[in-house]
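Undergrad: Here it is: the structure, laid out below.
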Amino acid sequence: MNVVINPKITVDYERCTTPFDCKRCIRICPPAVFVVYDIESHRGYEVDKKQPGTYKMLPLYRDKCTGCMKCVEVCPVDALTVKMPEEMLT
Amino acid sequence: MCRMCDWLGEGQIWYKNPKLHANRMYKLREPGRKPQESLRGNIVGSNLHEALEAKANGDLATFNRLIAEKNAADARKVGAQPIPLNEAIEVIKTLQMPVAAMMCICRKATRAEEETNLNEYSCLALGTGMFKWERWPERYRGGVEFLKPQDACDWLEYWDKRGMMHLIMEEGNDFLGGICNCDYPDCNPIRQRVDYGLDQQLVKGEYICEVDFKRCNGCGECLGRCHFNALKFEVTIDRPSIDPMVCFGCALCQTACNRGAINLVPRSAYPALRNVW
C-alpha cells in the first residue's frame, strides 16, 4: 500500500504566468495535485488575475501524481514537465 | 460528545447553544461572564508543504512526525465539524445573527474557482464581525452578500442538493465563524484529513448515518454523495452500506434519500463509536 511516489514536477514560471486565468492543468488533473496562490497579499482588494505574475501554481500534492501526463499535454505554453522516478518507468 | 462539546457545550452539542457563543458573536457579554480562555496554545504554522515533500521523498518518519505535531497543535483548538442540513438550518434560525454568503477560499486555491456573486458563492459567514468584512484581508476578496436567515437556509438547501456537505467552523474561541459547504477534494480540511491524516482540524460529526434495510429499495440515489468513502453499494444484498467507522455524519446521503431510509444515530449510541472522532 505504501508506495512512495516521487515525481519531479517542474513549472517554468517564465512561461506559466497567469495560472489562475488559464487553469487548464488545475482542472484536468484527476487527483487534483495543483494549487494556485497569489504571490503578494494585497489587503482588501484583489489583484488582476490576468496580469502576468500575480498568481503562481504549485504541485503541492505531488505524492498523488500518477504520471498520466494530462497536465503536460493540456498546457498551452509547455511550461510543465513531469518526470516519474526511473524505477516506475521500467 | 466531541472535545468542543466538553469545552463549550456544557454537556450538550456545542453549536446548538447560542448562549455559549454570545460572548463574541453578538459583541455582547453576559453579566459576570468572562471571555473564553484561549484554547489555542502556541499556534504552530502549517508544515503541510514540508510534510508532503517528505512523503514524496519517501521520508515517512519525517512525514509522520510533522503530521503528529500538527495534530497535537490542532487538538488544542476548536475544530471544524460536519453537521446535517437540518442542524445547519437550525443554527442559522436560532442564532439570529448577520449571515453573509461569500466565496470559498479552498476552491479558489485548489480549483482556481472564482466566485464573485451570490449565484456562485458557497460559504456562509456568521456574526456581527461580518459587518467589517471590507477591512479584512484576502479571504473576502470575492465580496460578500448579506442574506436574510430564510434566504440563507434556502441557499443551504440548494448547496445540499448540489452535493456539498456542511461544515461548521469556529473563528476565535467561542465564535461560530461560518458554515462552509464543501466537497472532496476541493475542501482543504476534508482532503487533508482523508488523504493525509490531519484528524484534529476536522472532527467527525455528532452522528453517524445508518441505512434502514427494510425501507431502502436499493435505488442508489445516495451513491456518489459521500465525500469520505464510507458509503458503498453492496451488490450481494442489493442495498447501500455505510461503514460506521468511516462515516462523518454529514447526512448528505440522508438528504438524497426519497424514502427516508437513512437515519441519523448519535455517535454516543454505539460503544465502539463513542470515542471515534
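The values are calculated or read from the model by the stated rules, or taken from the named source; none is laboratory data. This one's a predicted model, so the numbers in the text were calculated from it and none came from an experiment. All Cβ positions, even for glycine, are placed from backbone atoms using ideal geometry, and neighbour counts span all protein chains on display. Accessible surface areas use protein heavy atoms only, side chains included; no ligands, DNA or RNA. Shrake-Rupley method; radii C 1.70, N 1.55, O 1.52, S 1.80 Å.
Undergrad: For the structure I just gave you, tell me whether B:Leu39 is surrounded by 13 or more Cβ atoms within 10 Å (Cβ to Cβ) and either at pLDDT 90 or above or within 14 Å of chain A (Cβ to nearest Cβ) (or both).
TA: Values: surrounded by 13 or more Cβ atoms within 10 Å (Cβ to Cβ): yes; either at pLDDT 90 or above or within 14 Å of chain A (Cβ to nearest Cβ) (or both): no.
So B:Leu39 does not fit the description; no.
Undergrad: Those residues that are within 19 Å of A:Leu58 (Cα to Cα) and under 21 Å from the mean Cα position of the chain (by Cα), I need them from the stretch B:46-84; list them, please.
TA: Those that are within 19 Å of A:Leu58 (Cα to Cα) and under 21 Å from the mean Cα position of the chain (by Cα): B:Ser46, B:Leu48.
Undergrad: Looking for whichever is outside the structural domain of B:His166 (by TED's automatic domain parsing), modelled with pLDDT under 95 and open to solvent by 30 Å² or more (accessible area, probe 1.4 Å) here; the options are B:Gly224, B:Gly249. Which one fits? Step through it out loud before you land on a result.
TA: On the way: B:Gly249 fails: open to solvent by 30 Å² or more (accessible area, probe 1.4 Å).
After ruling out the rest, the residue left standing is B:Gly224.
Undergrad: A follow-up question, please. When you go through (1) away from chain B (no Cβ under 13 Å); (2) in a strand (DSSP E or B) one by one for A:Val36, which number turns out not to apply?
TA: (1)
Undergrad: Can you confirm whether the stretch A:60-77 contains a residue that is touching a residue at least 60 places away in the same chain (Cβ under 8 Å), acidic (Asp, Glu) and away from chain B (no Cβ under 13 Å)?
TA: Taking every residue of the stretch A:60-77 in turn, none turns out to be touching a residue at least 60 places away in the same chain (Cβ under 8 Å), acidic (Asp, Glu) and away from chain B (no Cβ under 13 Å).
Undergrad: If you don't mind, there's one more thing I want to ask. Take the stretch B:198-211 and flag every residue that is in contact (Cβ under 8 Å) with a residue 60 or more places away in the chain and open to solvent by 30 Å² or more (accessible area, probe 1.4 Å).
TA: Kept after step one, since they are in contact (Cβ under 8 Å) with a residue 60 or more places away in the chain, are these residues of the stretch B:198-211: B:198-208.
Within the stretch B:198-211, B:Asp199, B:Gln200, B:Gln201, B:Tyr207 qualify.
Undergrad: Answer yes or no as to whether B:Asp160 is free of Cβ contacts under 8 Å to residues at least 60 places away in the same chain, within 14 Å of the chain's Cα centre (by Cα) and crowded, with 18+ Cβ neighbours inside 10 Å. Full working, then the answer.
TA: On the way: free of Cβ contacts under 8 Å to residues at least 60 places away in the same chain: no; within 14 Å of the chain's Cα centre (by Cα): yes; crowded, with 18+ Cβ neighbours inside 10 Å: yes.
No: the conditions fail for B:Asp160.
Undergrad: A follow-up question, please. A:Cys25 fails exactly one of the following numbered conditions: (1) part of a loop (DSSP other than H, G, I, E, B); (2) facing chain B (nearest Cβ under 10 Å). What is the number of that condition?
TA: It fails just one condition, (1).
Undergrad: Of everything in the stretch A:39-90, what is under 20 Å from B:Ala54 (Cβ atoms), in a helix (DSSP H, G or I), over 14 Å from the mean Cα position of the chain (by Cα) and of a type outside the set (A, V, I, L, M, F, W, C)? Give them in sequence order.
TA: A:Glu87
Undergrad: Let me ask another. How about the stretch B:72-84: which of its residues are within 15 Å of B:Asn181 (Cβ to Cβ) and out of contact with any Phe, Trp or Tyr (no Cβ under 9 Å at 6 or more places or on another chain)? Outline the logic, then answer.
TA: As a first pass, look at the stretch B:72-84 and keep what is within 15 Å of B:Asn181 (Cβ to Cβ): B:80-84.
Within the stretch B:72-84, B:Ala80 is the sole residue that qualifies.
Undergrad: When the residues of the stretch B:88-136 are filtered to those that are free of Cβ contacts under 8 Å to residues at least 12 places away in the same chain and either away from chain A (no Cβ under 13 Å) or hydrophobic (A, V, I, L, M, F, W, C) (or both), which remaining residue is surrounded by the fewest Cβ atoms within 10 Å (Cβ to Cβ)?
TA: Looking only at the stretch B:88-136, we keep the residues that are free of Cβ contacts under 8 Å to residues at least 12 places away in the same chain, and these are B:112, B:119, B:132, B:134-136.
Those still in the list that are either away from chain A (no Cβ under 13 Å) or hydrophobic (A, V, I, L, M, F, W, C) (or both) too: B:112, B:119, B:136.
On the way: B:Ala112: 22, B:Asn119: 10, B:Trp136: 14.
My answer is B:Asn119.
Undergrad: Any idea which of (1) open to solvent by less than 30 Å² (accessible area, probe 1.4 Å); (2) within 14 Å of chain A (Cβ to nearest Cβ); (3) under 24 Å from B:His227 (Cβ atoms) is the one B:Val144 doesn't satisfy?
TA: All conditions pass for B:Val144, except number (3).
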